[in-house]
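Take a look at the structure set out below.
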Amino acid sequence: MTTFGIENKREVEIAKRKMVYWLKNPRKGNRHIRLSIGPDGKVFVSCPCGVDEQKIKSFVIKSAKWIFEKTEFLKQRNASRMIKISRKDFLKEKSNAFKLAKSRADYFSMEHNFSYKEISIRNQKTRWGSCSSKGNLNFNYGIVFLPAKLLNYVILHEMCHLKEMNHSKKFWRLMEEIMPDYLERRKELTRTSLAIS
């Protein structure tokens with residue numbers, strides 16, 4: 001009988017590809033060998049007491065296709081995008097950011113009856129945009145580095161606050177009405193960050 005620790009790391013090579021997994025401490029209530037994958041792609045194996053480690057290894061090898069597919073999916077889902085810029089970029093890109101923001105804001109205003117007062121471009125570390133109670137729109141100059149679909153999300157998000165100054169159900173319904181795939185874009189944006197040097 002093999003005694004495992006709480007999380008014992010193991011490796012196995014399958015078709016010249018290394019797989020890492022962790023053996024969980026055996027429990028009396030377990031009747032079968034089971035696989036589970038954490039949100040970070042970490043592979044865990046739990047088993048009944050007294051199971052031979054070679055049997056566990058064989059089980060992992062037989063499940064390799066499923067494991068690789070699942071971990072690859074999680075890797076892509078969790079992939080993040082970091083936009084690296086310097087503070088010097090602010091002066092260089094401020095004008096471009098203003099033109100982009102105004103162009104998209106004017107388009108959404110014309111198509112969906114929004115009305116804003118002014119647009120300002122700022123050098124912010126954490127926020128992509130904001131909307132004041134006076135109807136002014138503020139955007140991070142980093143929007144110039146965003147793909148078009150995320151740029152449009154940022155602009156529309158702040159413009160929807162012109163009608164709903166909160167994140168209520170009405171706000172998200174308005175977003176969905178204009179941009180049906182807003183949730184997908186929102187998730188992608190949360191995985192996009194600015195690294196300012």
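I need the phi-derived Karplus couplings for region 132-140: 6.51 cos²θ - 1.76 cosθ + 1.60, θ = phi - 60°, integer Hz, Gly and Pro marked x.
Each residue's phi maps through the Karplus curve to give 8, 5, 8, x, 8, 9, 10, 9, 6 Hz.
Cα-Cα over 18 Å: which of LYS24/LYS57; LYS18/LYS65; LYS94/LYS134; LYS9/LYS65; LYS16/LYS62; LYS70/LYS149?
Working: LYS24/LYS57 13 Å; LYS18/LYS65 13 Å; LYS94/LYS134 22 Å; LYS9/LYS65 20 Å; LYS16/LYS62 15 Å; LYS70/LYS149 27 Å.
Check vs 18 Å cut-off fails for LYS94/LYS134; LYS9/LYS65; LYS70/LYS149.
What is the P(r) of the chain, as percent of Cα-Cα pairs per 10 Å bin from 0?
Histogramming the chain at 10 Å steps yields 8, 26, 20, 13, 16, 13, 4, 0 percent.
For region 182-192, take each phi angle, set θ = phi - 60°, evaluate the Karplus expression 6.51 cos²θ - 1.76 cosθ + 1.60, and give the result in whole Hz per residue in order, putting x for glycine and proline.
Going residue by residue, I get 4, 5, 5, 5, 4, 5, 5, 5, 5, 8, 10 Hz, with x marking Gly and Pro.
How do TRP22, TRP66, TRP128, TRP172 rank when sorted from fewest to most other Cβ atoms within 10 Å of their own Cβ? Don't skip to the end; give the middle numbers.
Values: TRP22 18, TRP66 11, TRP128 21, TRP172 15.
Ascending Cβ contact count within 10 Å gives the list TRP66, TRP172, TRP22, TRP128.
Where does the charge balance sit around PHE171 when Lys and Arg score +1, Asp and Glu -1, over other residues with C-beta under 14 Å from its C-beta?
+1
Pull up all non-local amide H partners of ASN140: gap of 5 or more, or a different chain, and H-to-H distance under 5 Å with H placed in the peptide plane.
Long-range HN contacts for ASN140: ARG122, GLY129.
In µm²/s, what is D for region 81-196 at 37 °C and 0.692 mPa s, where D = kT/(6 pi eta Rh) by Stokes-Einstein and Rh is the Kirkwood radius from Cα pairs? Please list the in-between numbers first.
Working: Rh = 14.3 Å.
Result for D is 229 µm²/s.
Please give the helix 88-112 orientation as an angle from the longest Cα principal axis of the chain, in degrees from 0 to 90, rounded to the nearest 10.
80
Could you please report the charge total around LYS94, scoring K, R as +1 and D, E as -1 over all other residues with beta-carbon less than 13 angstrom from its beta-carbon?
On the way: positive: ARG87, LYS88, LYS92, LYS99, LYS102, ARG122; negative: ASP89, GLU93.
The answer is +4.
Mind pulling the angle between the C-alpha long axis of helix 169-178 and the longest principal axis of the chain? Nearest 10 degrees, somewhere in 0 to 90.
80
Rule-based calculations on the coordinates, nothing more; no lab input. Every value quoted in this text rests on a predicted model; they were computed, and no experiment measured them. Every residue, glycine as well, gets a Cβ built from its backbone with ideal geometry; the counts of neighbours run over all protein chains shown.
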